[in-house]
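Please read the structure below before turning to the comments.
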Amino acid sequence: MQAYRQARLSLARTSGRRKKQCPFLSSRRLPPRIAIRTDNVTILNLMTTKQIARRYLISGIVQGVGFRYFAQDEAERLHLSGYVRNLRDGRVEVYAIGSPEKLARLRTLIERGPRGAMVQHVVEESAELDPQFAQEFSITYDQ
């Protein structure tokens, strides 16, 4: 799915030719920035927002329907880090790190789930920030 997003093309109506659309130049994907000018050097700092961690336990028909891939795609789209995994009791666990607004959006999405899933209940818990999962969003496996 990620490769599809990066490789998508858009038609330019003005010239009639195909243009590649760079996914990194999309305004919705760029984080807010602050530019600081010092003599001959411009330093760009990302605006820091409060990062929190949440754990979601999703029950219902959520295994065998692509729920982990769905959660990973949505979390990456929201620029969250963490993991998703199937639990042995039939639930799915999502651990996510990000801003409260983005985590609220993720919860809304996982309450809906992918096509074929029937989410019955989502339990949300506060969680400790784990630096091991702070860089990317991955699919892990229950031990």
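The values are calculated or read from the model by the stated rules, or taken from the named source; none is laboratory data. This one's a predicted model, so the numbers in the text were calculated from it and none came from an experiment. When we count neighbours, we look across all protein chains shown, and the Cβ atoms used for this are built from the backbone with ideal geometry, even at glycine.
Numerical summary
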| item | result |
| --- | --- |
| Filter pass, THR14 being under 24 Å from LEU129 (Cα atoms), out of contact with any strand residue (DSSP E or B) (no Cβ under 6 Å at 6 or more places or on another chain) and either modelled with pLDDT under 50 or not in a helix (DSSP H, G or I) (or both) | no |
| The range 54-83: number of residues that are buried (at least 17 other Cβ atoms within 10 Å of the Cβ), part of a helix (DSSP H, G or I) and of a type in the set (D, E, K, R) | 4 |
| Output for the range 108-138, where each listed residue is assigned to a helix (DSSP H, G or I) and surrounded by 16 or more Cβ atoms within 10 Å (Cβ to Cβ) | LEU109, ILE110, PHE133 |
| Close pairs from the range 103-120: first in the same structural domain as GLY60 (by TED's automatic domain parsing) and free of Cβ contacts under 8 Å to residues at least 60 places away in the same chain, partner in a helix (DSSP H, G or I) and not charged (D, E, K, R), Cβ under 7 Å, at least 6 apart | LEU106/ALA75; ILE110/ALA71; GLY113/PHE67; GLY113/PHE70; PRO114/PHE67; PRO114/PHE70; ALA117/PHE67 |
| Residues of the range 85-97 classified as part of a strand (DSSP E or B) and over 18 Å from SER126 (Cβ atoms), total | 3 |
| Identity of the residue in the range 40-62, of a type in the set (S, T, N, Q) and modelled with pLDDT under 95, that ends up farthest from the chain's Cα centre (by Cα) | ASN40 |
